[in-house]
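The structure appears below as structure tokens.
The values are calculated or read from the model by the stated rules, or taken from the named source; none is laboratory data. The structure displayed is predicted, hence computed values, not measured ones. Cβ placement follows ideal geometry from the backbone for every residue including glycine, while neighbour counts extend to all protein chains displayed. Protein only, heavy atoms only, side chains kept; ligands, DNA and RNA dropped before computing areas. Shrake-Rupley method; radii C 1.70, N 1.55, O 1.52, S 1.80 Å.
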Amino acid sequence: MRQKIYRRIFAVLCVLLVVSQMMQVAYSYHKEQQEAGEDNSEPASLVLWYTDDKLNAYLVEAAEEFEKNHHVEVTLQLVTAVDYIEHINTASISDLGGPDLFITSSELLEKARLAGLTVENNSFSDREMDSYFPQKAQDAATCGGKLVAYPFYFETCFMLYNKNYVDGAPGTIDEILEYSKSFEGGTGEDKIENILKWNVADIFFNFFFISNYVNLGGATGDDKSQVQLSAEEVIQCLEYYQSLNAFFAIDADAVTTDNVLQEFIDGKIVYTIAKTDAIAKLDAAIAEGSVAEEAEAPSEEGSEGEEGEGEGEGTEGSGEEENPDNGYFYGIAEVPNLTESLPTKGLSVTNSVVVNAYSKERALAKEFAKFITYEKVDALYAMTNKMPVKVGVPYENPEITTLLVQYEHSVEVPKITDLSNYWIEMEIAFANIWRGNDVRSEIEAVDARIQAQLVTEE
């Protein structure tokens, strides 16, 4: 009897041992299958929305590289800029879902934040942000006290000058006026029709006249308590602006940005105010050979000692005696001050990448945002003619770095949604002032309308 019991116990133990081994084998098999399944599973997916087709080639290449390195599918969607944030919000709360990340300008960032579409950019340490991106770019990507976007590229206005006629850019418009008064023309200068000409009908090119004396929402452009649109200096600057019409006689009804740039290429203008995208058009004209033939230098004194003796007076202080033009007929400079006592600042707009708070792949979306705005961005200008905000990007023309300096000294378009119609109001005011309307009346009227709107909206 006792032996039977022992045999049964032994049999049970054997069964338990076999079952245990089977379970262990099954667990190992299941784990292997699970790991294999993870390797062979469908890749994660990201959707990026953007509105500028000039980014196509860059984003396609970036997406392909990111897909290979991260086992992810990236879908790029070029969409309309009309009601952009509204469409993102509608899609995000729908069953179909919206983009995982999107590219937007700084002026729409508050609208995106208020719609609950932003998450904090914590992909960089504070030290890294300060090393890689100018403070202006960080401010542009900050809203509600947090860095909610990845600064990408910028637009700003600046001064262009023709190196065939002048050695550099002046510090003030007063200096340009003095040059104009003394200008007599001469050999190689017969093409010149205007000493200074710019698109006086476009607020982006005009705003530098007053931008040093207005406050559009504080450093980050989203503080309604820091909005100042009128001051005595603003009046002075606009009276100065109005006086230039009598001197340069630019027809606001006929002038266009493209026409002014073409006249500059044709050698008809010495100085002009341009926007960032002008550089690519100038370089294209150089490549096509459609630039006006090089004029004879303004002075013959610097042509002696061609072997690099460094004795030419015309290149004093330039540090470029061996090749003063670097192969480019144009020079890039910051916008000039109006006078010694009326400084200026350019206007700028920063475009950033925002990770959608509704995304189910936030961590991956943040990696892609960092990839296109930092890791790969050195290729952005060559592929799109867009100026990246990242510090240290190399350029074939070293003068292009002046644009980043101008950007750092600029006034960013504000994020406050209640200021969105300010630009239309000011463009009309500038046009009226250029044609002779009373400066104070125009500015006070705009100020009253916008301030009333800000109070009402609060």
For this session: Please enumerate the residues belonging to region 256-279 that are under 25 Å from the mean Cα position of the chain (by Cα), open to solvent by 20 Å² or more (accessible area, probe 1.4 Å) and touching a residue at least 40 places away in the same chain (Cβ under 8 Å).
Result: T256, T257, K275, D277
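Rundown of residues vs (1) among the acidic types (D, E); (2) open to solvent by 30 Å² or more (accessible area, probe 1.4 Å), yes/no style:
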| position | (1), (2) |
| --- | --- |
| T402 | no, yes |
| Y407 | no, no |
| S410 | no, no |
| E427 | yes, yes |
| F430 | no, no |
| D438 | yes, yes |
| E442 | yes, yes |
Exercise. In region 176-199, which residue that is surrounded by 21 or more Cβ atoms within 10 Å (Cβ to Cβ) and either modelled with pLDDT under 95 or not basic (K, R) (or both) is farthest from F158 (Cα to Cα)?
Worked result: I176
For this session: Identify, from the list A369, A357, the residue that is in contact (Cβ under 8 Å) with a residue 12 or more places away in the chain, crowded, with 19+ Cβ neighbours inside 10 Å, farther than 23 Å from E334 by Cα and aliphatic (A, V, I, L, M).
Result: A369
Seminar exercise, completed: Within region 420-451, residues under 17 Å from S243 (Cα atoms) and among the aliphatic types (A, V, I, L, M) come out as A429, A431, I433, V439, I443
Seminar exercise, completed: Note on region 106-124: residues of a type in the set (G, A, S) and either open to solvent by less than 20 Å² (accessible area, probe 1.4 Å) or at pLDDT below 95 (or both) are S106, A112
Problem set entry | Extreme residue, surrounded by the most Cβ atoms within 10 Å (Cβ to Cβ), among residues of region 86-105 that are without any contact (Cβ under 8 Å) to a residue 12 or more places away in the chain and assigned to a loop (DSSP other than H, G, I, E, B) | S94
Exercise. Does at least one position in region 348-361 carry a residue that is within 30 Å of A246 (Cα to Cα), modelled with pLDDT of 95 or more and not hydroxyl-bearing (S, T, Y)?
Worked result: no
Exercise. For region 338-361, how many residues meet the condition of being under 26 Å from E86 (Cβ atoms) and of a type in the set (G, A, S)?
Worked result: 4
